[in-house]
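Structure, as structure tokens:
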Ligand code: SF4
């Protein structure tokens, strides 16, 4: 079908519309299907947009504690787990935890996000993780953070000379993908410190044939970054906001995939002044966050901790009436203006706005060509 571009485009739009949400579907008694697992708050990076190391976890779960916790009923429907941190490869129990996770009956996918600094250790552990996943029919995806080319990456990450280490790790994985993962991608967080240098990073990724995605650096409860927000956020700086607007506009035009176009359009319109959330978010209805100490949260961005699972029942905490008020408050008030790049089903009215914007733009360009 890709041979016939027009038919392919129509097919893409139909598929896109099919996945659109027509009605509000939030059910407060639904068990979560997606787990975000910040396995440790230890980190070997000092990113300008993250302050997670100000909250080092003192009582990280032991292997036995994790085995008990992950088999709590609240995780019985989990299909996908995203492991992040801190730097997940610093967690000494990463492999034993994955060994336990892959045994979960309904698990379909594991995704790990890393800064890629510890090349040898990451390569060795990634190989083991992929073997475990393959044996248990679980898909394995790995993401690396790359926030600039050369010194800009080092500046955003707050550590000198880490660009070359990250590149070495990514190159080794990409060039030998069959032994490390099913899929990979590279994520760049857009902040004041890199906004004027993203074109350089983009050309580098293009030259390397790497799949790079861009997201905005935002305030995030889990990262404890509200105190440093003004130092990195492009939203608080008119010039940086304008540069970001232009950059994301360019991304809409360059992206081949309709979902990426929609994501970048949602960010662009947000920067342009319409600060309503147009992206979906699986965390509103389907997600749960578990940290390295066994604490749980509804979503990482806005939710306070709703309890610890070392000595408590997960379902009771998750479906507790008082706790559910926190979740409703997040959905009714915080989600509306949240620009985190989590995805989920898009709302019909926003998709129509997007398609109108897309075709209108095309029509105007054709008219004045
Ligand atoms: S939209 Fe934002 S605040 Fe709402 S659930 Fe998703 S990540 Fe949390």
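A short reminder: the numbers here are calculations on the coordinates, not readings from a lab. All values reported here derive from a predicted model rather than from experimental measurement. Note that we place each Cβ from the backbone using ideal geometry, even for glycine, and neighbour counts take in every protein chain shown.
The slack between residue 237 and residue 67, meaning 0.36 nm per residue of separation minus the straight C-alpha distance, is 56.6 nm. Each peptide in 137-149, 306-318, 55-67 gets a packing score, the mean of other Cβ atoms within 10 Å over its residues, and the list from highest to lowest is 137-149, 306-318, 55-67. Shape call for the range 73-191 from the C-alpha gyration tensor, a ≥ b ≥ c root eigenvalues: rounded (a/c under 1.5), prolate (a/b greater than b/c) or oblate? Note, shape of the range 73-191 comes out prolate. Packing, as the average of other Cβ atoms within 10 Å across residues, places the peptides 199-211, 6-18, 123-135 in the order 123-135, 199-211, 6-18, highest first.
Among beta bridges identified by DSSP and lying wholly in the chain, the antiparallel ones come to about 10 percent. Looking at the square roots a ≥ b ≥ c of the eigenvalues of the Cα gyration tensor of the range 199-323, which shape do they give, rounded for a/c under 1.5, prolate if a/b is larger than b/c, or oblate? Judged from the Cα gyration tensor, the range 199-323 comes out prolate (a/c at least 1.5, a/b above b/c). Spin-label model, residue 6/residue 136: points 7 Å from Cα along the beta carbon direction are separated by 5.0 nm. Compared with the direct C-alpha span, the chain from residue 358 to residue 179 gains 60.4 nm at full extension, assuming 0.36 nm per residue. Under 14 Å from a label point 7 Å along Cα→Cβ of residue 349: give me every residue in the range 278-292 with its amide N that close. Hits in the range 278-292 for residue 349 at 14 Å: 278-279.
Mean residue ellipticity, 222 nm, helices only, the chain: the sum of -39500 (n - 2.57) across DSSP H runs of n ≥ 4, divided by residue count and rounded to 500, is -12500 deg cm²/dmol.
What is the range 285-331 by shape, rounded, prolate or oblate, if you read a ≥ b ≥ c off the alpha carbon gyration tensor as root eigenvalues and call it rounded for a/c under 1.5, prolate for a/b larger than b/c, and oblate otherwise? Oblate, since a/c reaches 1.5 and b/c is not below a/b. Its convex hull of Cα atoms gives the range 21-346 a direction-averaged projected area, equal to a quarter of the hull surface, of 15.7 nm². Relative to the current alpha-carbon distance between residue 161 and residue 329, full extension at 0.36 nm per residue lengthens the span by 56.1 nm.
Relative to a virtual label point 7 Å from the Cα of residue 274 in the Cα→beta-carbon direction, which members of the range 301-334 show backbone nitrogen distances below 19 Å? Residues passing the 19 Å test: none. Each Cα pair under 8 Å and six or more residues apart adds its separation to the average, and for the chain the resulting relative contact order is 20 percent. Evaluate the Kirkwood expression for the hydrodynamic radius of the range 37-87, namely the inverse of the mean inverse distance over all pairs of different C-alpha atoms, and round to one decimal in Å. Taking every pair of different Cα atoms in the range 37-87, averaging 1/r and inverting gives 12.6 Å.
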